[in-house]
Amino acid sequence: MTTHADNVSVPGWSGAGYIIIDPRTGEGAYMISGGSNGGFFLIAIGSILLWAALFAWSASGGAAIFLGVSMVSLLATVMLAASLFVVAGMHAILGDSVGCMLYFNLAVAMLTVVLSVALRKKSFIAPVMGFFSKRNARNICGA
């Protein structure tokens with residue numbers, strides 16, 4: 001474990017930051033006091049996805065309705081997944097790692113389905129879910 005001798009201060013936050021690394025496996029986590037850990041990252045990702053989906057909808061000029069039900073449902077699913085990332089981030093900031101992991105995993109599962117449908121590849125699911133494994137969810141959510 002590596003930590004600072006004194007608290008770190010940045011605009012809007014003061015606290016301790018520390019790194020935990022398992023010397024056997026090299027796995028690690030970058031943690032900050034207060035429980036927010038990856039919360040702000042999840043909120044940023046959710047916000048970007050939401051704006052991207054809204055932009056795709058508006059850029060089509062409503063043509064997404066005429067492109068078929070699948071386009072509308074894919075955009076709606078991306079918007080819902082984006083909202084779940086934001087909710088997961090709020091849980092991380094509030095220190096609820098269990099709630100964070102629940103909503104994070106739901107969002108990842110929804111985006112995986114969207115990508116597999118959009119790319120028409122069922123083999124796409126395993127690598128994406130593997131990347132967002134429990135270990136990564138724990139690091140982001142501070143569990």
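Some notes on this structure:
- Considering the conditions (1) surrounded by fewer than 16 Cβ atoms within 10 Å (Cβ to Cβ); (2) at pLDDT 70 or above; (3) within 30 Å of S14 (Cβ to Cβ), Y30 is excluded by exactly one of them, (2).
- Of the candidates L106, L84, the single residue that is buried (at least 18 other Cβ atoms within 10 Å of the Cβ) and part of a helix (DSSP H, G or I) is L84.
- Among the candidates V10, V98, residue that is among the hydrophobic types (A, V, I, L, M, F, W, C) and modelled with pLDDT of 75 or more: V98
The values are calculated or read from the model by the stated rules, or taken from the named source; none is laboratory data. Everything numeric here is computed off the predicted structure, so don't read it as measured data. Counting neighbours? That spans all protein chains shown, and the Cβs are built from the backbone with ideal geometry, glycine included.
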